[in-house]
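Comments concern the structure below.
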Amino acid sequence: MIYIKKTDRSCFEMYDSISQNVDVRSEYKVKRIDNGLGGFILEEVPVTPHVKDLSVYERATEYEKEFDITHWSFYMAFDDEKPVGAVTIAAKTENLYMLAGRNDACVLWDIRVADEYKHQGIGQKMLDLAIKDAKADGYRQMIIECQNNNVPACNFYRKQGALLSKIDMYAYYQEEACRDEVQFVWYLDL
């Protein structure tokens with residue numbers, strides 16, 4: 001039986017044990033119209049299928065090395081005692097660029113579901129609980145980042161009612177492994 005509960009730093013090692021793989025089969029190519037002055041067109045195009053492991057970028061056990069996580073919330077899904085999903089919501093954090101100094105917004109910092117548990121509604125249930133708590137805490141918007149090659153995440157956020165509001169084609173330029181990826185930032189009114 002799958003259950004979801006709010007957790008804390010004592011669960012970070014279990015949190016990090018959950019895979020964060022993205023099955024990449026397509027990506028959104030960004031085409032500029034009139035060098036961008038005429039807008040952008042996003043076109044989903046097939047790519048050579050591969051798996052991208054996002055857990056190399058995101059480790060809960062490392063959060064406190066960079067941030068004060070006092071106002072962060074953590075949720076985990078379990079199958080009996082086995083961790084199968086996790087969500088982190090970040091808020092009221094100095095130097096968290098995604099918040100841009102806002103105290104009325106929170107960030108969906110991380111969401112993951114173990115490969116063998118995907119497509120069972122676990123991510124939706126975890127996000128629903130996180131949104132409910134964020135609303136209760138007085139946040140008006142949730143800010144969500146993903147990449148153009150994470151089409152399943154883009155579709156999931158769109159389904160939630162989030163609006164794609166920022167496209168940064170150079171956000172990852174300093175990182176050799178993901179230099180060609182495009183950052184998408186979504187805003188979800190709560």
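Nothing in this text is a laboratory measurement; each read-out follows from the coordinates by a stated rule. Keep in mind that what you see is a predicted model, and the values were worked out from it rather than measured. A quick note on method: Cβ atoms are made from the backbone with ideal geometry, for glycine too, and the neighbour counts reach across all protein chains shown.
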Paramagnetic reach from Asn95 in segment 43-72 [backbone N under 19 Å; point 7 Å along Cα→Cβ]: 58-72
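Among the GluC sites (Glu not before Pro) in segment 1-90, which ones are in a DSSP loop with at most 14 other Cβ atoms within 10 Å of the Cβ? Mind listing them?
Here the sparse-neighbourhood loop sites are Glu81.
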Cross-link partners among lysines for Lys159, C-alpha distance below 25 Å, same-chain residues fewer than 8 apart left out? Lys5, Lys6, Lys29, Lys31, Lys52, Lys118, Lys125, Lys132, Lys135
So what's the angle, to the nearest 10 degrees on a 0 to 90 scale, between helix 151-160 and the longest Cα principal axis of the chain? 70 degrees
Residue exposure sequence - His50, His71 - by fewest surrounding Cβ within 10 Å: His50, His71
How much FRET efficiency would the formula 1/(1 + (r/R0)^6) give for Asp104 and Tyr172, where r is the Cβ-Cβ distance and R0 is 35 Å, rounded to 0.05? 0.80
Computed over segment 2-189, the relative contact order (Cα-Cα under 8 Å, seq sep at least six) in percent reads 19 percent
Give me the distance between the Cα centres of segment 41-81 and segment 124-190, rounded to whole Å. 11 Å
Counting only chymotrypsin sites (Phe, Trp or Tyr not before Pro) that sit in a DSSP loop (anything but H, G, I, E, B) with at most 11 other Cβ atoms within 10 Å, what is the longest stretch of the chain containing none of them? 1-96
